[in-house]
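S.K.: Got a structure for you, questions after.
The values are calculated or read from the model by the stated rules, or taken from the named source; none is laboratory data. Small disclaimer: the values here were computed from a predicted structure and weren't measured. Using ideal geometry, Cβ is built from the backbone for each residue, glycine included, and neighbour counts are taken over all protein chains shown. Surface areas here come from the heavy atoms of the whole protein model, side chains and all, with no ligands, DNA or RNA. Shrake-Rupley method; radii C 1.70, N 1.55, O 1.52, S 1.80 Å.
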Amino acid sequence: MSTLDWQKSSFSGDQANCVYVAAHPTGRIHLHESDAPATTLTTSPTAFAALMRNLTSSDRTSRP
């Protein structure tokens, strides 16, 4: 089993609650939060790209 090379999201800044992302050699994308590192979300590159497009879209409405 390979070890993942986790990278902190640049959007997390210096905050205590951070999001980390890692790419597995198989191509799967892994995400976890710093306050729950044992809980990992695994997705495809296509789904991750769609998530990032949605989160960074300027036309999405703000949520309270």
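S.K.: For Ser44, Ser58, Ser12, give me the order by solvent-accessible area with a 1.4 Å probe, most accessible first, ignoring ligands, DNA and RNA.
M.R.: From most exposed to least exposed: Ser58, Ser44, Ser12.
S.K.: Can you compute the equivalent ellipsoid semi-axes for the chain, i.e. the square root of 5 times each eigenvalue of the Cα gyration tensor, sorted largest first and rounded to whole Å?
M.R.: Ellipsoid half-lengths, sorted descending, are 22, 17, 9 Å.
S.K.: Let me ask something additional. With the crude spin-label approximation of a point 7 Å out along Cα→Cβ, what separation in nm comes out for Ser12 versus Arg28?
M.R.: Here the modelled spin labels are 2.0 nm apart.
S.K.: When the accessible area of the chain is computed with all protein chains present and a 1.4 Å probe, what percentage of it is carbon and sulfur?
M.R.: The computed percentage sits at 54.
S.K.: If you don't mind, another one. For the chain, what is the accessible area per residue in Å² when the probe is 1.4 Å?
M.R.: Per-residue value: 80 Å².
S.K.: If we count every other residue with Cβ under 15 angstrom of His30's Cβ, Lys/Arg +1 and Asp/Glu -1, where does the sum land?
M.R.: Net charge in that neighbourhood comes out at 0.
S.K.: Return one number: the angle in degrees, 0 to 90 and rounded to the nearest 10, between the long axis of the Cα atoms of helix 45-56 and the longest principal axis of the Cα atoms of the chain.
M.R.: It works out to around 30 degrees.
S.K.: A follow-up question, please. For Ser57 and Ala36, FRET efficiency with R0 = 22 Å and r from the beta-carbon atoms, rounded to 0.05?
M.R.: Between Ala36 and Ser57 the formula returns 0.25.
S.K.: Probe radius 1.4 Å, ligands and nucleic acids left out: which of Asp5, Asp14 has the largest accessible area, and how do the rest follow?
M.R.: Of Asp5, Asp14, the descending order of accessible area is Asp14, Asp5.
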